[in-house]
1. How much length is gained if the chain between residue 32 and residue 76 is pulled fully straight, taking 0.36 nm per residue apart and subtracting their Cα-Cα distance, in nm to one decimal?
2. How much of residue 25 can a 1.4 Å solvent probe reach, expressed as accessible area in Å² and rounded to 10?
3. I need the shape label for the stretch 1-108. Rule: rounded when a/c is under 1.5, else prolate if a/b > b/c, else oblate, with a, b, c from the alpha carbon gyration tensor.
4. Could you tell me whether the stretch 105-147 comes out rounded, prolate or oblate from its Cα gyration tensor? Rule is a ≥ b ≥ c as square roots of the eigenvalues, rounded for a/c under 1.5, then prolate if a/b exceeds b/c, otherwise oblate.
5. Dividing the alpha-carbon Rg of the chain by 2.2 N^0.38 Å yields what?
6. Ignoring ligands, DNA and RNA, please state the percent of accessible area on the stretch 16-96 from carbon and sulfur, probe 1.4 Å.
7. What does the accessible area per residue of the stretch 70-205 come to in Å², with a 1.4 Å probe and no ligands, DNA or RNA counted?
8. Most fluctuating residue of 70, 15, 103 in a GNM of the chain with Cα springs under 10 Å: which is it?
Amino acid sequence: MSTDRAAAAAELRLLADQAAVCTACVLCQSRTQAVFSRGSSDAAVMVVGEAPGYHEDQQGLPFVGAAGKLLDSLLEEIGLDCDQDVYIANTLKCRPPGNRDPLPAETEACKGFLRRQLVLVDPRVVVTVGNFATKLLLKTETGISRLRGQAYPWWHRWLVPTFHPSAALRGGDRVLDAMRQDLGLVAELLRRAEMSALEPDPAPASEMESVQLGLFG
Ligand code: URA
């Protein structure tokens, strides 16, 4: 691992420690523990979900329930190893009671963590799963059904929105097929990135600061 990547991994560990004792919003009162991430800090793909649910709150890792198992198997279908090629995080690090939607104050209090995760992991492709993460990162009110099916240029990388895997558990084959199509796009973008690996980096280091300040507001 290069020095830069080792430094990024070290800062991510520090941030996870900070999230573990964070009291910036009311969710700290009801959480069992904060849920920061799983996967590799050196990943080409970063998945962003909404917020931890019951199992995640219990185990301290994102997407470990039935929806997470489905997500992992869909990522494996496109040849990704979820430990090495993917970094998974949520917009909120603590579980909203009863899995209610995150409140604006909670998103606001927590988004510094996600912003820094995105900058430090520096993935080629960001995959937002579900309405909440997609609307937050793309700064839009348009719903996931209309947004999915294409890749969006986003802060010098690609963002691919898709359905939340829990919607696929409820919605059956139609939703699952759509997710497979979207992840097919991810695979295609990774193939293209690999082919142009010798091209100059499109995100000069001097721009990283504005990227960091501007990410989803
Ligand atoms: N749903 C999410 O959005 N994130 C998780 O970590 C689990 C379920």
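The values are calculated or read from the model by the stated rules, or taken from the named source; none is laboratory data. Note that the structure is a prediction, hence the values are computed from the model and not measured. Quick note on the areas: whole protein, heavy atoms, side chains included, nothing else; ligands and nucleic acids left out. Shrake-Rupley method; radii C 1.70, N 1.55, O 1.52, S 1.80 Å.
1. Using 0.36 nm per residue and subtracting the Cα-Cα distance, I get 12.9 nm.
2. Near enough 40 Å² of accessible area.
3. Values: a/c = 2.29, a/b = 1.27, b/c = 1.80.
Here the stretch 1-108 falls in the oblate category.
4. In terms of gyration-tensor shape, oblate.
5. Expressed relative to 2.2 N^0.38 Å, the Cα Rg reads 0.96.
6. 46
7. Normalised by residue count, the accessible surface of the stretch 70-205 is 49 Å².
8. Result for the chain, Cα springs under 10 Å: 103 fluctuates most.
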